[in-house]
Amino acid sequence: MYYHVHSASSKILYCLRAPGSFLNSHLSRKTVSFKFFFMPREFNRSQRMAEQIRRELAEIVRDELKDPRMGLCSFTAVKLTRDLSHAVVFCSVLDQAHREETIETLNHAAGFFRSQIASRIRARSVPVLKFVNDDSVERGAAMDELINKAIKSDKQHHNDSESSS
């Protein structure tokens, strides 16, 4: 048996109603909302593509980039434009002294990375890559240190007030 499902734009879709299905047991009328059937994807295309680029870049740097100026780095995030033509790659560099040199080396090798990514993934086009330093790891460590200091101070203040009572 077919039932009409009305979307927001009032186009009619047809849905097969099987006996014993969720739809059969929860449908009291013949029309339901369009959103009921088609849930949005958990990740959109740009997020999936960004994650794939991040993984591929990590493998390329680990296996194929042989530049002595490269420090130890990890790619923390990739932000893509809506049209997937440009990507900003956030890098966390372990060695503070070689941070600028590592980012400069990555930006210099962006064309190589782009060609390698193009050969590894199925995409119509590969975005132009720009590498920037990601200091969120350091800011997180500083925040963690401040939180630990506040907890230690609070415990010490609490112990001092108990001993004076």
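Where a number appears in this text, it was derived from the coordinates with a stated rule and is not lab data. This one's a predicted model, so the numbers in the text were calculated from it and none came from an experiment. Because the Cβ atoms are built from the backbone with ideal geometry, glycine has one as well, and the counts that use them run over all protein chains shown.
Net charge within 12 Å of L80 by Cβ-Cβ distance, Lys/Arg positive one each and Asp/Glu negative one each, not counting L80 itself? Could you put the intermediate results ahead of the total?
Numbers: positive: R45, R48, R54, K79, R82, K130; negative: E51, D83.
That sum, taken over residues with Cβ under 12 Å, equals +4.
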Legend entry - Rg [Å, one decimal], Dmax [Å, integer] - the range 45-134, C-alpha atoms: 12.3, 38
Legend entry - Partner aspartates and glutamates for K152 [C-alpha distance under 18 Å; skip if fewer than 8 residues away on the same chain]: D144, D160, E162
Inset, instruction - Excluding E56 itself, calculate the net charge of residues whose Cβ lies under 14 Å from the Cβ of E56, where each Lys or Arg counts +1 and each Asp or Glu counts -1. - result: +3
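Would you mind counting up the charge near M70? Only other residues with Cβ under 11 Å from its Cβ, with Lys and Arg at +1 and Asp and Glu at -1. Could you put the intermediate results ahead of the total?
Details: positive: R62, K66, R69; negative: D67, D95, E101, E104.
After counting each charged neighbour, the total is -1.
For the range 45-134, give me the percentage of DSSP beta bridges that are antiparallel, rounded to the nearest 5 percent.
On the way: 7 of 13 bridges.
Taking every DSSP beta bridge within the range 45-134, about 55 percent pair in antiparallel fashion.
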